[in-house]
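Asks: Structure provided below as structure tokens; questions to follow.
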Amino acid sequence: MKITAMTQDEQKKLAGTHAVDSLVERGLIRSGMKIGLGTGSTAIHGVKRLAELIQAGKLTDVRAVVTSFQTGIACEDWGIPVYSLNARGIAGTLDLTIDGADEIDGENRLIKGGGAALLREKIAAYNSKRFVVIADESKFVKHLGTAFALPVEAVEEARTSVAARLAELGAVCTLREGVRKAGPVITDSGNIILDCLWKEPVDSAALEKDINAIVGVVENGFFTQNRPLVFGARSDGTVFER
Ligand code: 5RP
């Protein structure tokens, strides 16, 4: 019998569904929890599975904090109650955040922000007791920042000065352009994105801090703190956790 390899989208669905089921089974996702919900075509599968468990009455009183308009709309459609991170019942901390990633290195350091939601994604991830990442096999890399460009969110007024400082840090930067919209991508928080590539492997933990020290930078897509539990799905239909 011929076994067909899973497509990338099928792997995303498998990773998201398996992760949520496994976390619920182990009591790491429970009724009454405050849960951060990431953004993108992988994270949405985790959100969908959570919604299914809520609709089936297996999880109750889940309070979600979303990281983008996209995920907020999905929660509205699927009946997941959404709160601000500042709401009284949330008080700035989350029990768990589940999200996708653009690159994951061998020590579970990440690049995120392919969907330009890195600012709210990092606020959720870094204020969560547990951070979970779900991914298809294409996201696992040896080094961060040499293949997928690191997104840096910056205030538009500082576009040129920030790009110059990033070049001093060895990055080649490109202003992210909109699709079917003339001009740059404007993030959910009203800023621009500079996508930065390095020719050689970099110290992502040091750069995460150094980039954020540039005046005009709002946030960057290196996630090297609060290392996640990662669920990956392979094209052969197997899943792994690390
Ligand atoms: C959005 C993100 C996403 O999690 C990341 O881009 C992965 O996206 P996808 O799951 O669609 O491949 O960081 O800002």
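Asks: Have a look at the DSSP beta bridges in the stretch 86-242 and tell me what percent are antiparallel, nearest 5.
Replies: Of all bridge pairs located within the stretch 86-242, approximately 65 percent are antiparallel.
Asks: Residues of the stretch 103-128 with backbone nitrogen within less than 16 Å of a virtual label 7 Å along the Cα-to-Cβ line of Lys142, please, listed as ranges.
Replies: Under 16 Å, as judged by backbone N against the label point of Lys142, lie 104-107 of the stretch 103-128.
Asks: Let me make sure I get this right: for the stretch 102-171, a, b and c are the square roots of the gyration tensor eigenvalues over alpha carbons, sorted descending. Under 1.5 in a/c it's rounded, otherwise prolate if a/b > b/c, else oblate. Which is it?
Replies: Cα axes put the stretch 102-171 in the oblate bin.
Asks: Filter Lys12/Lys139; Lys34/Lys112; Lys34/Lys209; Lys142/Lys199 down to the pairs with a C-alpha to C-alpha distance above 19 Å, please.
Replies: Lys34/Lys112; Lys34/Lys209
Asks: Also: Take Thr60, project a point 7 Å from its Cα along the Cβ direction, then tell me which residues of the stretch 8-41 have their backbone nitrogen under 17 Å from it.
Replies: Label zone hits: 30-34.
Asks: Now, a different point. If you look at just the Cα atoms of the stretch 1-99, how large are its Rg and its Dmax in Å?
Replies: Reported Rg and Dmax, both Å: 14.1, 56.
Asks: Report, as a whole number in µm² per second, the diffusion coefficient that Stokes-Einstein gives for the chain at 10 °C and 1.306 mPa s using the Kirkwood radius over alpha carbon pairs.
Replies: The estimated diffusion coefficient comes to 87 µm²/s.
Asks: Let's see if you can work this out: charge +1 on each Lys and Arg Cβ, -1 on each Asp and Glu Cβ, no other charges. What is the dipole magnitude of the stretch 127-242 about its Cα centre, in debye to the nearest 20?
Replies: With only Lys, Arg, Asp and Glu charged at Cβ, the dipole is about 240 debye.
Asks: Ranked highest first by average number of other Cβ atoms within 10 Å, how do 60-69, 95-104 line up?
Replies: For the peptides 60-69, 95-104, the packing ranking is 95-104, 60-69.
Asks: Quick one: grab the alpha carbon gyration tensor of the stretch 86-220, order the square roots of its eigenvalues as a ≥ b ≥ c, and give me rounded if a/c is under 1.5, else prolate or oblate depending on whether a/b is larger than b/c.
Replies: oblate
Asks: For every other residue with a beta carbon closer than 13 angstrom to the beta carbon of His143, add +1 if it is Lys or Arg and -1 if Asp or Glu, then tell me the sum.
Replies: Local charge sum for His143: -2.
Asks: At 10 °C and a viscosity of 1.306 mPa s, what translational diffusion coefficient does Stokes-Einstein give for the stretch 175-221, taking Rh as the Kirkwood radius over Cα pairs? Give it in µm²/s as a whole number.
Replies: In µm²/s, the coefficient is 129.
Asks: For the chain, with only Lys/Arg (+1) and Asp/Glu (-1) charged at the beta-carbon, what is the dipole magnitude about the Cα centre, in debye rounded to 20?
Replies: 500
Asks: Another question, then. Given labels modelled 7 Å from the Cα in the Cβ direction, how far is it in nm from Ser31 to Ala164?
Replies: The two pseudo-label positions are separated by 6.0 nm.
Asks: Also, I was wondering about something else. In bins 5 Å wide, starting from 0, what share of all Cα pairs of the stretch 65-131 does each bin hold, as a percent?
Replies: 4, 16, 25, 26, 19, 7, 4, 0
Asks: Given 25 °C and 0.890 mPa s, how large is the Stokes-Einstein diffusion coefficient of the stretch 13-157 in µm²/s, with Rh as the Kirkwood radius over Cα pairs?
Replies: 159
Asks: Any idea which of Ile73, Val215, Ala101 is furthest toward the positive side of the dipole for the chain, if Lys and Arg beta-carbons carry +1 and Asp and Glu beta-carbons -1?
Replies: So the residue we want is Ile73.
Asks: Still on this structure, I have one more. Say a paramagnetic label sat at a point 7 Å from the Cα of Ala182, along Cα to Cβ; which residues of the stretch 129-162 have their backbone N under 15 Å from it?
Replies: Residues passing the 15 Å test: none.
Asks: To continue, here is another question. To the nearest 500 deg cm²/dmol, what mean residue ellipticity at 222 nm is calculated for the chain from DSSP H runs of n ≥ 4 alone, each contributing -39,500 (n - 2.57), summed and divided by the residues?
Replies: Result for the chain: -8500 deg cm²/dmol, rounded to the nearest 500.
Asks: Evaluate E = 1/(1 + (r/R0)^6) for Ala213 and Asn86, where r is the Cβ-Cβ distance and R0 equals 35 Å; express this FRET efficiency to the nearest 0.05.
Replies: Computed FRET efficiency for Ala213 and Asn86 comes out at 0.85.
Asks: If you don't mind, there's one more thing I want to ask. Taking the Cα centre of the stretch 1-54 as origin and charging only Cβ (+1 Lys, Arg; -1 Asp, Glu), how large is the dipole, in debye to the nearest 20?
Replies: Approximately 80 debye in magnitude.
Bear in mind that the values in this text are calculations on the coordinates, not laboratory data. Keep in mind the model is a prediction, meaning the values are calculated, not measured. Positions of Cβ are backbone-derived with ideal geometry, glycine not excepted, and every protein chain shown enters the neighbour counts.
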